[in-house]
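Note sheet for the following structure.
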Amino acid sequence: SDLKSVVEELAKEIYENGEQKNQILALLYHSFYLALNGEYVKAKDLLLMSKIHEQIHLCDPVLQVHFNRLLVQLGLAAFRVGKMSDCFELLSEIISSGRGRELLVQVFSKFPVNEKEEARRQMPFHIHINVDLVEAAFLVCSIILETPKIAACNMNLSQCNSVNKYFRRMLEAYDRYVQNLCL
């Protein structure tokens with residue numbers, strides 16, 4: 001609780017006296033800290049009250065990366081507290097894009113504009129977020145949320161329009177794999 005009060009005091013100081021970019025960064029870090037330490041509801045409320053999600057596409061790329069990292073951490077926090085629909089919503093954009101590592105700046109982009117700038121933006125290895133873990137949490141949420149929809153369609157995925165495309169691709173790939181094993 002001591003560290004929590006220090007973080008909140010420092011964040012409050014930056015909110016009141018910092019420049020706009022530093023205020024946004026403090027908000028992202030503060031919410032990330034809360035999500036990482038089991039305070040999912042507080043982290044989500046802090047993010048929603050700030051309305052940063054409405055204007056993040058106008059911010060510089062560094063803030064966008066931190067926002068993506070916050071979304072992933074919020075998704076994992078939602079998963080830990082059993083809020084599967086929240087987890088699914090938070091992680092779907094990052095995972096469904098197929099560029100999770102790139103959006104979190106954990107690998108070089110395929111078409112770097114400036115290699116020096118790209119290397120400078122790269123996240124150090126010790127603060128990487130395990131994208132495989134994120135994908136596993138997303139797929140577990142997908143299974144929990146999509147299974148009733150699939151069952152309602154009599155297990156025919158081609159007739160189910162409501163099933164998430166990424167989950168559908170993964171499920172179809174698994175079905176093909178199992179069929180190939182049986183042959």
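Of note:
- Residue check, Val72 modelled with pLDDT under 85, assigned to a helix (DSSP H, G or I) and open to solvent by less than 30 Å² (accessible area, probe 1.4 Å): no
- Unmet requirement for Leu63, which otherwise passes all of (1) in contact with a helix residue (DSSP H, G or I) (Cβ under 9 Å, 6 or more places away or on another chain); (2) free of Cβ contacts under 8 Å to residues at least 24 places away in the same chain; (3) more than 21 Å from Met84 (Cα to Cα): (2)
- Of the set (1) open to solvent by 80 Å² or more (accessible area, probe 1.4 Å); (2) modelled with pLDDT of 70 or more; (3) farther than 24 Å from Gly82 by Cβ, all apply to Arg120 but (2).
- Search result, residues across segment 13-53 that are at pLDDT below 85, assigned to a helix (DSSP H, G or I), more than 25 Å from Gly82 (Cα to Cα) and open to solvent by 50 Å² or more (accessible area, probe 1.4 Å): Glu13, Ile14, Tyr15, Glu16, Gln20, Lys21, Asn22, Gln23
- Residue list for segment 78-93, restricted to those being small (Gly, Ala, Ser) and either out of contact with any Lys or Arg (no Cβ under 9 Å at 6 or more places or on another chain) or not in a helix (DSSP H, G or I) (or both): Gly82, Ser85, Ser92
The values are calculated or read from the model by the stated rules, or taken from the named source; none is laboratory data. As the structure is a prediction and not an experimental result, all values here were calculated from the model. Every residue, glycine among them, receives a Cβ derived from its backbone with ideal geometry; neighbour counts consider all protein chains shown. Heads up: the accessible areas ignore ligands, DNA and RNA and are worked out on the full protein's heavy atoms, side chains in. Shrake-Rupley method; radii C 1.70, N 1.55, O 1.52, S 1.80 Å.
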